[in-house]
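The block underneath contains the structure these notes are about, expressed in structure tokens.
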Amino acid sequence: MYCGIADIVHRWIYTRQGVRRFTQHPDFPSPAFSINRGRTKVWRLADIEAFEKAHPEVLDEEAKVRKRKGYAWAILKGRSGKLPEAGASHGSV
């Protein structure tokens, strides 16, 4: 079986734009083929299912939130080299 962007949007908890961003992900599967002069890409369903197993945030809202929180912490840690103390003020006076 095969699926296009609209099918993936229907499966995932992401918008069409969000799914398109995922297609740029380095480990997103390559399309099986394209139609409409290359403008419409089509993927093997088995390849999409394998991607879903590796990226549970595409199907599960809680996993999506956990991933976003992880990114936020990584950004905070990257700026200062360490995580902020619990209850510490993030602003300067």
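The values are calculated or read from the model by the stated rules, or taken from the named source; none is laboratory data. Just so you know, these numbers come straight off a predicted model, no measurement behind them. Neighbour counts are summed over all protein chains in view; Cβ atoms, including those assigned to glycine, are modelled from backbone coordinates with ideal geometry. Each accessible area value is taken on the protein alone, full model and side chains, heavy atoms only, with ligands, DNA and RNA left out. Shrake-Rupley method; radii C 1.70, N 1.55, O 1.52, S 1.80 Å.
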Nonlocal amide H pairs with T40, under 5 Å, H built at 1.01 Å: I35
Student exercise, region 8-63 dipole from Lys, Arg, Asp, Glu Cβ charges, in Debye to nearest 20: 580
Eligible aspartates and glutamates near K77 by straight Cα distance, threshold 20 Å, same-chain separation 8 or greater: E85
1.4 Å probe accessible area per residue over region 1-55, in Å²: 70
Gain in span if fully extended, K53 to A74, counting 0.36 nm per residue against the direct Cα distance: 5.3 nm
